[in-house]
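Structure record follows, encoded as structure tokens.
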Amino acid sequence: MPIIQEREKDGIGWPLWEVFIRSKQGLDHKHAGSLHAADAQMAMENARDVYTRRMEGVSIWVVESKYIHASNPDDASSLYDPANDKAYRHPTFYQLPDELKNM
Amino acid sequence: MERIKLNTIAHQPQNSLIHYTLHQADNALILGHRNSEWTGHGPVLEQDIAISNIALDLVGQARNFYQYAALQINESMHHDATVDEGRAEITEDSLAYLRDVREFKNCLLTEQENGDWAKTVLRQFFFSQFQYLLYGSLSQSRDKDLSAISEKALKEVTYHLRWSSEWVIRLGDGTGESRRRILIAFDELWKFTSELFIPASYELVVAAEGLGVNPVTLKPSWMKNVSMVFEEAGILDALSQGIEEGWVGLCGKEGNHTEHLGYILAQLQFLQRAYPDCNW
């Protein structure tokens, strides 16, 4: 949270936006980067100009950075470490039939 | 001197398609060059990239038209017995870099100085609105090359129009300062818009043959579309006042330019003039 709020203050007073691009092959929108824009429409056009000029995408999402709530890095150990020794959560103990190609 | 002569194409009706193609190429090159002057100087990073993208699109369009013009010129010279066999081929580069001011056929609007952001945006808006209608119409040309070039360029211009319209509305309907600036830009640029719709001699010839477009036919739609954006921008009053004022007539299309084009060419052509045929 503090990181994002801090970034919003830089630039020219226009809010910061996060840009998500879906590539031709991809099914999901992936985070491409961020940019400044006065409103959603300008953010969309800026995203087109900044992040799709080398044919990267077929679909764009933009969201104002302030609406993204990020986890605190200090919480990392309590959030993620407990999953470390729980290998049984991975479905790796099944015998797959040979006919099954894509799994 | 010899080089310039090679690039000079006589003003005869049979050369109209060549002149018409060069006219489209020059418009795109000069406006593209103007926009490229913003690269590294844009008001914000995102808009610096946006205007540079538009510059690249326009220079790309110019290349297509120049290549087609070069093809026509070389073919016509091939059939001309008075032309020396050993002469150099005309290329897109020689057309862009080795013609002099009076041979350029771009409209005066495209060579006007960038001024502030408002002036650059409004110049782009006026011209994109024109190119949008022109390319739409030209993509129906009986000439397959002009038709194909226009069809490809139309997609780019559709975005230029959207981008520039958006900015005209933002500035007109923004703060007192942004409105003041777009109105000043209007005063400076409006007089150059009339030339877009006055046909040069070569435009009349190609239009009659179904190869090109008589620009006067585009004027009603252009006016309507410009009015719609101006209304949304809250500056429609300026437009109705501007229409009553004096306009600059046909000049650039026939090779008579404002003082700005000479400076543009000095920068654009310096390297090829100083070091002929150099490349890297």
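The values are calculated or read from the model by the stated rules, or taken from the named source; none is laboratory data. Being a predicted model, the structure only gives us computed values, none of them experimental. All Cβ positions, glycine included, derive from the backbone under ideal geometry; neighbour counts span all protein chains shown.
Within region B:98-136, the set of residues being more than 28 Å from B:ILE182 (Cα to Cα) and either crowded, with 18+ Cβ neighbours inside 10 Å or over 16 Å from the mean Cα position of the chain (by Cα) (or both) comprises B:LEU98, B:ARG99, B:ASP100, B:PHE104. Of all residues assigned to region B:165-184, none qualifies as being closer than 20 Å to B:TYR20 by Cβ and β-branched (Val, Ile, Thr). The lone criterion from (1) within 14 Å of chain B (Cβ to nearest Cβ); (2) without any contact (Cβ under 8 Å) to a residue 12 or more places away in the chain; (3) not in a helix (DSSP H, G or I) left unmet by A:THR92 is number (1). Among residues belonging to region A:44-70 that are buried (at least 19 other Cβ atoms within 10 Å of the Cβ) and at the interface with chain B (Cβ under 9 Å from one of its Cβ atoms), point out the one that is nearest to B:SER164 (Cα to Cα). Among those that are buried (at least 19 other Cβ atoms within 10 Å of the Cβ) and at the interface with chain B (Cβ under 9 Å from one of its Cβ atoms), it is A:GLU45.
Exactly one residue out of B:THR39, B:THR21 is within 23 Å of B:LYS155 (Cβ to Cβ), out of contact with any Leu (no Cβ under 8 Å at 6 or more places or on another chain) and at pLDDT 95 or above: that is B:THR39.
When B:TRP163 is tested against (1) surrounded by fewer than 20 Cβ atoms within 10 Å (Cβ to Cβ); (2) modelled with pLDDT of 95 or more, just one condition goes unmet, and that condition is (1). Of all residues in region A:50-89, those that are touching a strand residue (DSSP E or B) at 6+ places or on another chain (Cβ under 9 Å) and touching a residue at least 60 places away in the same chain (Cβ under 8 Å) total 3.
When B:ASP100 is tested against (1) under 20 Å from B:GLU259 (Cβ atoms); (2) within 14 Å of another protein chain (Cβ to nearest Cβ), just one condition goes unmet, and that condition is (2).
Restricting attention to region B:262-279, does a residue exist that is assigned to a helix (DSSP H, G or I), charged (D, E, K, R) and within 30 Å of B:LEU98 (Cβ to Cβ)? Scanning region B:262-279, I find at least one residue that is assigned to a helix (DSSP H, G or I), charged (D, E, K, R) and within 30 Å of B:LEU98 (Cβ to Cβ), so the answer is yes. Looking at A:ASP75, A:ASP39, A:ASP98, just one residue is more than 14 Å from every other protein chain (Cβ to nearest Cβ) and either under 22 Å from the mean Cα position of the chain (by Cα) or surrounded by 15 or more Cβ atoms within 10 Å (Cβ to Cβ) (or both), and that residue is A:ASP75.
Tell me, which residue of region B:21-55 that is β-branched (Val, Ile, Thr) and part of a helix (DSSP H, G or I) is nearest to the other protein chains (Cβ to nearest Cβ)? Write out each step before concluding.
Keep residues of region B:21-55 that are β-branched (Val, Ile, Thr), which gives B:21, B:30, B:39, B:44, B:49, B:51, B:54.
Now restrict to residues that are part of a helix (DSSP H, G or I): B:21, B:30, B:49, B:51, B:54.
Values: B:THR21: 28, B:ILE30: 22, B:ILE49: 5, B:ILE51: 9, B:ILE54: 9 Å.
Per the stated criteria, the residue is B:ILE49.
The residues of region B:169-225 that are β-branched (Val, Ile, Thr) and in contact (Cβ under 8 Å) with a residue 24 or more places away in the chain, listed by number, are B:ILE169, B:ILE182, B:ILE184, B:THR193, B:ILE198, B:VAL205, B:VAL206, B:VAL213, B:THR217.
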